[in-house]
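Q: Below you will find the structure I want to go over with you.
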Amino acid sequence: MTAEMTLASARRRTEVLRAEIGRHNDAYYQRDAPLISDTDYDALVAELRQLEAAFPRLAVDSPLARVSGRPDEGFARVQHPVPMLSLGNASTLDELRRFDQRVRDLTGRDDVRYHCEPKFDGLSVGLLYRKGTLVWGATRGDGVTGEKVTANLRAIGAPDRVTGLAPRDVYIRGEAVMYRSDFEELNRRRIEAGESPFRNPRNAGAGSIRQIDPAATAARPLHIFAYQASALESSTLPVRTHGELLAALPTWGFKTFPEHQSDLTIEQVMAFIETERERRHRWPFDTDGVVVKVDDLATEQGLGFVGKDPRGAIAFKFPAEERFTRLRSVRWQVGRTGSVTPVAELEPVFVGGVMVANATLHNPNEIRRKGLLVGDMVVVRRAGEVIPEVVAPIVEQRRGTETEVAIPERCPECGSELLQQPGEIVLRCSNEGGCSAQRLGRVIHFAGRGALDIEGLGDANVALLMAGANGAPPLIRDAGDLFALTISDLADLPGFGPVAATNLIAAIDRARHPDLARLLIGLGIRMIGGETATAISDHFGSLDALLAANEEEIRAVNGLGNVAATHLVAWLARDENRVLLDRLQRNGLRPRERARRSGVLQGKSFVITGTLTRPRPAIAESIVAAGGTVAGGVSKRVDYLVVGENPGSKVDQARKLGIAVIDEDGFAALMRG
Ligand code: IVH
């Protein structure tokens with residue numbers, strides 16, 4: 001902003017900024033697909049704020065005075081009993097000092113103490129309890145009205161009842177976050193299934209909280225960390241400070257994040273921030289700052305608000321970890337499923353504590369959407385702290401020598417045709433059996449951590465075994481040959497002395513009797529991952545039982561989705577896969593037999609609704625103990641709906657689907673067998 005800016009030009013600029021901010025709010029809050037980085041967004045907001053401060057006439061009806069994000073259309077609306085406001089930001093220690101100074105000035109006290117905890121980069125949620133029971137849970141929405149997503153929040157751990165000394169009527173606020181490891185796994189599965197990946201755990205979390213089917217939310221794990229409580233009506237909070245509140249919340253049934261500190265002077269707050277700046281990379285979820293609150297709840301409240309921001313708390317934000325570098329080229333990497341993924345080869349750059357030289361571009365659509373050219377200067381971010389991401393090209397810095405990214409028509413490894421299945425974005429190599437990159441990827445996966453976990457059999461050694469030494473034929477064609485290897489086979493491999501050879505054979509031997517679930521994961525069947533593999537293994541108990549099962553029996557496995565079942569049936573029907581299993585077994589692979597889980601409710605799935613005489617978690621526990629499973633929502637897969645008082649809409653849904661609806665007596669009768 002220039003000093004001589006006129007009101008007219010300020011008005012024009014204000015309008016442009018408001019339109020831009022509105023567009024980005026919509027992209028961020030409604031579509032979970034931000035168009036620009038947080039830093040760029042914050043810069044727009046800062047510019048608008050500055051203009052409004054310089055020209056107060058323009059501040060009338062400012063979007064900055066409103067909380068951004070409107071409730072979505074798909075869910076019922078609820079009004080938050082206490083508005084869910086947001087926080088002012090500080091990004092320098094100077095701004096933090098000014099915040100502290102204002103608090104001192106307004107309270108007239110010099111001994112103000114603060115509370116600090118990480119600022120979770122997740123989704124704000126509110127949980128309303130009346131008479132100690134969860135009435136509803138909601139997203140933040142526009143701060144006044146939110147989307148009611150009770151079943152989904154329950155599915156990710158919102159307690160049904162408060163415990164301990166919790167006020168009976170209370171509004172609990174917290175943040176739902178997705179762990180980075182779960183986010184990566186989710187994106188891996190989405191890319192595999194031809195869906196576009198989420199940009200970051202926050203967006204993935206938003207998508208998952210807004211699932212219509214609570215079981216789908218439960219399948220995309222989120223964790224709720226509580227950080228605020230407001231006593232409603234005649235209730236009072238039995239705590240006086242944030243420190244006491246965070247100590248009490250777990251006894252009331254809520255999860256909190258343990259890394260918080262209270263009773264801090266402003267100097268100690270700054271020290272906390274400096275420690276957190278480094279330490280936050282170790283947390284399993286993303287954080288983007290530190291929330292600093294006046295520790296004493298009454299003092300904090302008494303400070304009131306400026307616009308939408310409370311004066312008694314502030315968010316210290318860490319700068320986004322973004323750097324510029326050049327996109328040197330794009331390499332196409334062939335995965336074990338034949339997926340051909342573009343990988344950006346970058347001029348190495350230090351971002352968020354690590355050197356980044358490669359970043360996945362996911363698929364050709366992403367390259368087009370971002371408008372990337374080879375040779376571009378690009379913004380690189382370590383999204384989710386661990387996966388480096390190319391955010392966008394810096395178009396202004398083009399020199400005219402940049403070139404289009406060539407999308408391959410043939411597999412870069414084996415030259416076979418690439419296919420794009422209907423509804424899929426990914427390109428796949430059509431040569432499943434012959435493509436060396438796919439074969440290599442499959443063995444690496446088979447021996448990898450999540451599968452048979454064969455120590456010493458990483459990428460390089462698998463490549464050695466599959467290449468063969470000095471012109472000799474390969475030692476293995478696929479995983480089926482692994483268990484036939486001997487120490488003398490390995491002795492000729494470059495870099496393999498007798499000790500390494502003995503160790504590797506010993507490690508292979510130790511893997512001869514894996515859990516059936518791990519073997520299933522290792523086979524790399526599409527859509528069969530940790531949970532589905534466990535469900536299959538629980539159901540059949542042994543590889544032989546699975547191999548003997550027909551399609552109908554496979555589809556009956558509880559916890560195995562339709563699409564996954566189709567992939568499994570198709571995989572088992574293929575000759576080359578049967579040959580592989582046969583060779584594995586002949587060479588001595590024997591998965592451990594698993595006692596089939598037994599109990600009177602074996603294989604039956606339940607949904608519980610309404611108020612029962614026992615708390616729901618207790619009922620759920622007895623179901624699981626008797627071999628059954630508990631689902632979050634009514635679907636075709638559910639066998640029984642157990643209803644208590646005031647059951648709600650689930651009963652109708654269940655009747656429509658022909659699911660047995662039973663009351664507590666009926667349930668007790670079932671349990672007796
Ligand atoms: S306390 C008056 N504590 O950050 C609002 N908020 O920018 C008091 N957030 O809307 C909120 N971690 O969604 C609080 N430890 C934390 C938080 C936290 C993340 C979110 C919250 C809020 C936003 C403010």
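The values are calculated or read from the model by the stated rules, or taken from the named source; none is laboratory data. Since we're looking at a predicted model, the values are computed, not measured. Here the Cβ positions follow ideal geometry from the backbone for every residue, glycine too, while neighbour counts run over all protein chains shown.
Q: Out of the residues in the stretch 312-335 that are part of a loop (DSSP other than H, G, I, E, B) and surrounded by fewer than 18 Cβ atoms within 10 Å (Cβ to Cβ), which is nearest to the ligand (Cβ to nearest atom)?
A: Going through the qualifying residues, I end up with PHE318.
Q: Let me ask something additional. May I ask you to list the residues in the stretch 135-171 that are assigned to a strand (DSSP E or B) and within 17 Å of ALA76 (Cβ to Cβ)?
A: VAL135, TRP136, GLY137, ALA138, THR139, THR145, GLY146, GLU147, LYS148
Q: Let me ask something else. Among LEU457, LEU482, LEU465, which is under 16 Å from ALA501 (Cα atoms) and without any contact (Cβ under 8 Å) to a residue 40 or more places away in the chain?
A: LEU465
Q: Has the stretch 264-283 got any residue that is buried (at least 18 other Cβ atoms within 10 Å of the Cβ), at pLDDT 90 or above, assigned to a strand (DSSP E or B) and within 16 Å of the ligand (Cβ to nearest atom)?
A: Checking the stretch 264-283: at least one residue is buried (at least 18 other Cβ atoms within 10 Å of the Cβ), at pLDDT 90 or above, assigned to a strand (DSSP E or B) and within 16 Å of the ligand (Cβ to nearest atom).
Q: What pairs come up if the first residue lies in the stretch 247-268 and is free of Cβ contacts under 8 Å to residues at least 12 places away in the same chain, the second is surrounded by 15 or more Cβ atoms within 10 Å (Cβ to Cβ), and their beta carbons are under 7 Å apart, counting only those six or more places apart or on different chains?
A: Hits for this filter: PRO250/THR256.
Q: So, one more: Enumerate the pairs (first residue in the stretch 38-57 and more than 11 Å from THR14 (Cβ to Cβ); second residue anywhere and in a helix (DSSP H, G or I) and among the hydroxyl-bearing types (Ser, Thr, Tyr)) with beta-carbon separation below 8 Å, excluding pairs fewer than 6 apart on the same chain, so at least 6 apart or on different chains.
A: Pairs found: TYR41/TYR28.
Q: Additional query: Can you say whether ASP478 is closer than 18 Å to ILE444 by Cβ and acidic (Asp, Glu), as far as the supplied structure shows?
A: Details: closer than 18 Å to ILE444 by Cβ: yes; acidic (Asp, Glu): yes.
For ASP478, the condition - closer than 18 Å to ILE444 by Cβ and acidic (Asp, Glu) - is met.
Q: Now, a different point. Spot the failing condition for GLY603; the list is (1) of a type outside the set (D, E, K, R); (2) in a helix (DSSP H, G or I); (3) touching a residue at least 40 places away in the same chain (Cβ under 8 Å), and only one is missed.
A: It is condition (2) that GLY603 fails.
Q: Can you tell me which condition GLY137 does not meet? The list is (1) touching a Phe, Trp or Tyr at 6+ places or on another chain (Cβ under 9 Å); (2) at pLDDT 95 or above; (3) not hydrophobic (A, V, I, L, M, F, W, C), and all the others hold.
A: Here GLY137 meets the rest and fails (1).
Q: If I ask for residues that are part of a strand (DSSP E or B), within 16 Å of the ligand (Cβ to nearest atom), more than 12 Å from THR265 (Cα to Cα) and of a type in the set (A, V, I, L, M, F, W, C), which ones from the stretch 99-129 would you list?
A: The answer is PHE120, LEU123, VAL125, LEU127.
Q: Give the stretch 152-195 a look and list any residue that's modelled with pLDDT under 90 and either in contact with a His (Cβ under 7 Å, 6 or more places away or on another chain) or within 18 Å of ARG130 (Cβ to Cβ) (or both), or say none.
A: Residue satisfying the conditions is ILE191 alone.
Q: Restrict the check to the stretch 466-474 and report whether at least one residue is of a type outside the set (A, V, I, L, M) and under 14 Å from PRO514 (Cβ atoms). Spell out the reasoning first.
A: Initial filter on the stretch 466-474 (of a type outside the set (A, V, I, L, M)): 468, 470-471, 473-474.
Still in the list and also under 14 Å from PRO514 (Cβ atoms): none.
No: the stretch 466-474 contains no residue that is of a type outside the set (A, V, I, L, M) and under 14 Å from PRO514 (Cβ atoms).
Q: Scan the stretch 131-158 for residues that are surrounded by fewer than 21 Cβ atoms within 10 Å (Cβ to Cβ) and free of Cβ contacts under 8 Å to residues at least 40 places away in the same chain and jot them down.
A: LYS131, GLY132, LEU134, VAL135, THR150
Q: If you scan the stretch 172-202, which residues turn out to be closer than 16 Å to GLU389 by Cβ, in a helix (DSSP H, G or I) and more than 8 Å from the chain's Cα centre (by Cα)?
A: ASN187, ARG188, ARG190, ILE191 - these are the residues of the stretch 172-202 that are closer than 16 Å to GLU389 by Cβ, in a helix (DSSP H, G or I) and more than 8 Å from the chain's Cα centre (by Cα).
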